[in-house]
Amino acid sequence: MKSKVAIVDCRKYKPELVEHAVSTAVELLGGWKQFVSSEESIILKPNLLARTDPENACTTHPEVFGAVGRLLRQNGFEELYYGDSPGNHLIGVAQTADGCGLRQVAEDLGIEIADFEEGEQVPFPDGHAADHFVLCKGVLEMDAIINLCKMKTHQLERITGAMKNTFGCVYGFNKGASHARFPNADVFGRMIADLNRLVRPRLHIMDGIMAMEGNGPQSGDPTPMYVILASADPVALDTVFCRLVNLDPELVATNLYGQKYGIGTCKTEDIVLMTEEGDISMEEAVSRWGNPDFNVERDPGFRGQFKSIRFLQPLLDRKPYVKRENCIGCGVCIQACPLDEKAIYMKKGKPAYRYRKCIKCYCCQEMCPEKAIDVKTTRLAKIADRNWKL
Ligand code: SF4
Ligand code: SF4
């Protein structure tokens with residue numbers, strides 16, 4: 001059976017426009033009760049990576065969260081909660097939600113914060129990459145998850161969309177530890193696919209009104225894409241995101257393994273694209289909403305494909321580096337490094353790298369509040385990519 005993805009135009013974060021777009025998208029898929037029952041407790045899972053102004057396009061915009069909350073209330077859903085495990089676990093969900101403008105919206109709608117302050121180990125013997133996860137209690141206590149993801153780039157996985165947003169169900173510092181356990185895009189993608197098999201959100205709604213391109217998921221640039229996407233299939237939804245930004249969906253490990261493990265499809269021919277005006281082809285969607293110049297990593301990449309010449313890997317890796325002029329010396333990047341023996345340390349008031357230890361998880365880049373960490377591709381990697389077609 002083909003996967004349905006609803007795509008609805010939305011030009012501004014105005015309450016009535018966003019509500020119309022979200023409502024239309026969900027109705028195109030059959031309505032809320034197709035996915036959740038009003039008897040169930042439901043957790044809304046926005047992207048709350050960091051305390052940052054929603055206009056930075058780093059987190060799910062409060063208008064999208066608010067529209068979903070209002071529509072669920074109008075449709076008789078009473079037991080609503082929200083939560084996400086933010087990048088900096090020490091700040092906590094409430095403060096992070098406050099900084100993102102989401103807490104007040106939730107309070108106005110009577111949507112409570114779920115328990116993300118405690119975690120519980122959950123065995124997952126069927127996992128392909130992970131045999132257990134430490135999940136936030138709030139996730140375990142609910143009947144259903146509605147995933148409210150953001151359309152963004154990601155330095156490790158190229159994009160972070162519906163599949164990757166479930167990573168915020170993992171408790172606190174276990175997220176950093178996961179980067180150490182799954183140190184490259186390929187195994188990390190497999191782990192995320194396992195996680196999606198375990199937590200299985202019922203519905204995914206993507207805030208793509210203002211997306212993030214470039215140095216995501218926290219330090220990139222906002223760019224308009226003017227869409228709300230919705231689907232029960234997170235792989236199909238992320239595939240549509242990829243097509244809109246001119247990225248081969250199969251280069252995204254979360255798509256590839258999501259498809260392989262039976263979560264969904266990243267094949268365009270297996271996706272039905274639904275709009276207010278009727279079903280359309282991917283080509284039509286791309287011509288209407290696509291941005292071929294969207295700044296995202298499109299190189300085929302090297303990880304997992306260099307087994308025979310692995311000694312070249314350090315020369316081909318994409319390395320994080322500090323833009324000293326932007327750095328305020330806060331040390332958040334050092335706290336974010338998941339390694340016991342940190343690969344980043346403070347030297348004369350600014351961070352410096354021990355590249356030989358670094359596993360290139362980019363947690364430091366992800367958590368820097370000043371956009372002071374970027375990632376560079378070595379010249380050899382660029383040449384290899386252009387000429388060797390690896
Ligand atoms: S988190 Fe960013 S601003 Fe803070 S010390 Fe690290 S590089 Fe500098
Ligand atoms: S230095 Fe940065 S990229 Fe390297 S392991 Fe630590 S957090 Fe990950």
* Name the pairs: first residue in the stretch 328-346 and under 13 Å from CYS363 (Cα atoms), second residue near ligand 1 (Cβ under 7 Å from one of its atoms) and part of a strand (DSSP E or B), Cβ to Cβ under 7 Å, at least 6 apart or on different chains? -> CYS333/PRO351; CYS333/ILE373; ILE334/PRO351; ILE344/PRO351
* To do: Output yes when any residue across the stretch 12-25 is open to solvent by 50 Å² or more (accessible area, probe 1.4 Å) and over 30 Å from SER287 (Cβ atoms), and no when none is.
  => no
* Pairs, first among the β-branched types (Val, Ile, Thr) in the stretch 25-42, second part of a helix (DSSP H, G or I) and open to solvent by less than 20 Å² (accessible area, probe 1.4 Å), C-beta under 6 Å, six or more apart -> VAL26/TRP32
* Looking only at the stretch 219-232, which residues are modelled with pLDDT of 95 or more and buried (at least 22 other Cβ atoms within 10 Å of the Cβ)? -> GLY220, MET225, VAL227, ILE228, LEU229, ALA230, SER231
* Any strands (runs of 3 or more DSSP E) falling wholly within the stretch 220-290 and containing at least 3 residues that are among the β-branched types (Val, Ile, Thr) -> 221-231, 271-275
* Residue in the stretch 318-330 that is farthest from ligand 2 (Cβ to nearest atom), counting only those that are over 24 Å from the mean Cα position of the chain (by Cα) and open to solvent by less than 40 Å² (accessible area, probe 1.4 Å) -> GLY329
* Unique match (being modelled with pLDDT under 80 and at positive phi) among GLY278, GLY301 -> GLY301
* To do: Find the residue count for the stretch 362-374, including only residues that are within 6 Å of ligand 2 (Cβ to nearest atom) and either over 10 Å from LYS319 (Cα atoms) or among the acidic types (Asp, Glu) (or both).
  => 2
* **Within the stretch 87-201, helices (runs of 4 or more DSSP H) holding 2 or more residues that are surrounded by fewer than 23 Cβ atoms within 10 Å (Cβ to Cβ)** => 93-99, 103-108, 137-141, 174-181, 185-199
* Condition broken by ARG70, with the remaining ones in (1) in a loop (DSSP other than H, G, I, E, B); (2) more than 23 Å from the chain's Cα centre (by Cα) satisfied -> (1)
* Selection count where residues are surrounded by 20 or more Cβ atoms within 10 Å (Cβ to Cβ), more than 10 Å from ligand 1 (Cβ to nearest atom) and assigned to a strand (DSSP E or B), scope the stretch 341-375 -> 1
* Structure fact -> Of (1) open to solvent by less than 30 Å² (accessible area, probe 1.4 Å); (2) modelled with pLDDT under 95; (3) aromatic (Phe, Trp, Tyr), TRP289 satisfies every one except (2)
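The values are calculated or read from the model by the stated rules, or taken from the named source; none is laboratory data. Model, not experiment: these values are computed from the prediction. In this analysis, Cβ positions are derived from the backbone assuming ideal geometry, glycine residues included, and neighbour counts consider all displayed protein chains. Ligands, DNA and RNA are excluded from the accessible area calculation, which covers all protein heavy atoms including side chains. Shrake-Rupley method; radii C 1.70, N 1.55, O 1.52, S 1.80 Å.
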